[in-house]
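Presented below is the structure to which this report refers.
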Amino acid sequence: MTAEPTPQPPIPDDEGLPRRSFLQIAGYTAFGWIAGATGLTLLESPLNKLFEPVNQKVEELIFRPQKLIPEFPKSAIEPDQLIVNSFRGNPVIDLANFRLEVTGEVEKPLSLSLDAVRQLPYKSMVIRHVCVEGWAAIVEWGGVRLSDILQMAQPKSGARYVYFDSADGYFSSWDLASATHPQTLLAYEKNGAPIPLENGAPLRLASPLKLGYKQSKWVTRILVTNDFLRAPQNQQLMRGYWEDFGYEWYAGL
Ligand SMILES: Nc1nc2c(c(=O)[nH]1)N[C@H]1C(S)=C(S)[C@@H](COP(=O)(O)O)O[C@H]1N2
Ligand SMILES: [Mo]
C-alpha cells in the first residue's frame, strides 16, 4: 500500500443524537430523490430518446462480460482472520420490518423484503478481504449478485454511481461497472452460516474488486446517481465515509 492520507479519528458518537442515514443528513429522502430524478428525466428525455435507446449504456455494463477474479477453495478459508472493523459499533436493525430500498436514477424503485432478496439466484465465493489498516482474511461469502438487483431496478441511461447507505450511518459509493460485476454480492452468509450482526447482517457488500472500506455492512439503501452527491449546506463532495476523509475512492485490489 502506498501512503494513504491518515484519516482523522471519526467524530465520537454522540449517544444523545439519533443515528441518521447519510441521505437524511444530506437533506435527501427517498421521495426527494424520486421527485428530483423525475424532474431531470422529464427535461432530458426528449433528447435521449432521439439519440439512443433508453438504458443502452447501462445494459451494456450489466451484460458486458467482465473479467472474473480467481476464487479460493473452501479449504483456504481463514475463519479467525476477519477482524471486526466498525466505525461506531453495531446498529439496531428490525429484521421483521427490514426493507432494502433501491432508488434514485432507476426506472423501477424497489423495496425488497429479506425473503424477496433470498429468492434471487444464490451465489457463493471464497475471496480475500483486504483492510487498508494492514490485515487480510480469506472469507466465504454467500448471497445475491448486486447486478441482479440493479437489473430489476433498471438504472436509467445516465446512471454512473451506486451509493450504499448503511444502518450505522456509514456510506460508500461505487462505480457502476464494479457494482454490476458478477462477483459483487449483497451477502447474507459468511463461511457457510448466516452473517453475524457485527459482520453486517442482514445484508453486506462483498466483492474481490475492492478494499475493505468499500464493503459496506448493514446495507439498507442503494441509491443510483448520475453524479457524486454533494452536501447541500456547503457543496462538499460526499463519496463515502472514509473516502471523504481522504481514502482513495476507487480502492481497487
Ligand atoms: N456500515 C459499515 N460498513 C463497514 C464498516 C463500518 O464501519 N460500517 N467498516 C469497513 C471496513 S474499514 C472494513 S475492513 C470492513 C470490515 O468488515 P468486518 O467487520 O465484517 O470484518 O467493513 C467495512 N464496512
Ligand atoms: Mo478496513
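The values are calculated or read from the model by the stated rules, or taken from the named source; none is laboratory data. Owing to the predicted nature of the structure, the values given are computational and were not obtained by experimental measurement. Cβ sites come from the backbone with ideal geometry, for glycine too, and all protein chains shown count toward neighbours.
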Original post:
On the given criteria, is Ser147 away from ligand 1 (no atom under 13 Å from the Cβ), in contact with a helix residue (DSSP H, G or I) (Cβ under 8 Å, 6 or more places away or on another chain), at pLDDT 95 or above and polar (S, T, N, Q)?
Top reply: yes
Original post:
Looking at this structure, is Asn85 in contact with a Leu (Cβ under 7 Å, 6 or more places away or on another chain), in contact (Cβ under 8 Å) with a residue 12 or more places away in the chain and in a loop (DSSP other than H, G, I, E, B)?
Top reply: no
Subject >> Unique match (being of a type in the set (A, V, I, L, M, F, W, C), within 17 Å of Lys217 (Cβ to Cβ), out of contact with any helix residue (DSSP H, G or I) (no Cβ under 6 Å at 6 or more places or on another chain) and touching a residue at least 24 places away in the same chain (Cβ under 8 Å)) among Leu95, Leu112, Leu68 >> reply: Leu95
Subject >> Filter result for Ser178 (under 15 Å from the mean Cα position of the chain (by Cα), surrounded by 19 or more Cβ atoms within 10 Å (Cβ to Cβ), of a type in the set (Gly, Ala, Ser) and away from ligand 2 (no atom under 13 Å from the Cβ)) >> reply: yes
**OP:** Quickly run through region 140-154 and pick out the residues that are among the hydrophobic types (A, V, I, L, M, F, W, C) and assigned to a strand (DSSP E or B).
**Re:** Trp141, Val144
Original post:
Residue check, Asp175 against (1) within 14 Å of ligand 1 (Cβ to nearest atom); (2) closer than 21 Å to Pro65 by Cβ, all met but one. Which one?
Top reply: (1)
**OP:** Considering only region 97-139, give the strands (runs of 3 or more DSSP E) lying wholly within it that have at least 3 residues that are within 16 Å of ligand 2 (Cβ to nearest atom).
**Re:** 122-131
Original post:
Given the structure, is Leu197 more than 16 Å from ligand 2 (Cβ to nearest atom), buried (at least 23 other Cβ atoms within 10 Å of the Cβ) and either over 19 Å from Ala116 (Cβ atoms) or among the aliphatic types (A, V, I, L, M) (or both)?
Top reply: no
